[in-house]
Amino acid sequence: MSIFTTLFSSGVAKVVDSVSEGLNSLFTSDDERNKAKIIIEKNIQDFKLDMEDKLGAYETEITTRWKSDNEHLITRLVRPLSYMFVLFLFAIMVLFDGNKGEFSITESYIPVIETLLVTMTVALFGSRGAEKTMKYFKKESKGGQQT
């Protein structure tokens, strides 16, 4: 389950619990309470399924965009060039920090650059590896069906 679904569903569950506690005073029998609880739980499940569907559509859209990035030279080079720039910036900071004069980096920039570098590394190499793996498995499954 994704972070968003977990975040939203846990928040909804807390709200539902507090609402059901408030509704307890309105119901006169356990049967009415159980029916209300079943309806609320069904609504929670519907919400979770809706969030998962939306997240799946979102991830499909991102994949589609990344595939369309490979159609033109300039869009194909954006990710590698930006990655090289951030890597170069990081290398300059590492090499010159404390080695040449009074060069120092503001502490607030370090987590930002570190996060960018890690995110770009995972996105660039992780996505390319996943794409190549999926192409391999698709090719294998097509080849296995033809024989």
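The values are calculated or read from the model by the stated rules, or taken from the named source; none is laboratory data. Everything quoted here is computed from the prediction, not taken from an experiment. Note: ideal-geometry Cβ built from the backbone for every residue, glycine included; neighbour counts use all protein chains shown.
Just one of (1) within 30 Å of SER127 (Cβ to Cβ); (2) modelled with pLDDT under 75; (3) loosely packed, with under 14 Cβ neighbours inside 10 Å fails for PHE8. It is (3).
Would you check which residues across the stretch 63-77 are modelled with pLDDT of 70 or more and of a type in the set (Asp, Glu) and list them? If the condition is that a residue be modelled with pLDDT of 70 or more and of a type in the set (Asp, Glu), then GLU71 is the only one that fits. Does the stretch 108-121 include one or more residues that are at pLDDT below 80 and touching a helix residue (DSSP H, G or I) at 6+ places or on another chain (Cβ under 6 Å)? No, there is no match, as no residue in the stretch 108-121 is at pLDDT below 80 and touching a helix residue (DSSP H, G or I) at 6+ places or on another chain (Cβ under 6 Å). Taking first residues from the stretch 104-117 that are more than 14 Å from PHE85 (Cα to Cα) and partners that are outside any loop (DSSP other than H, G, I, E, B), the Cβ contacts under 9 Å between residues at least 6 apart in sequence or on separate chains come to ILE105/MET93; ILE105/ILE113; TYR109/MET93; ILE110/MET93.
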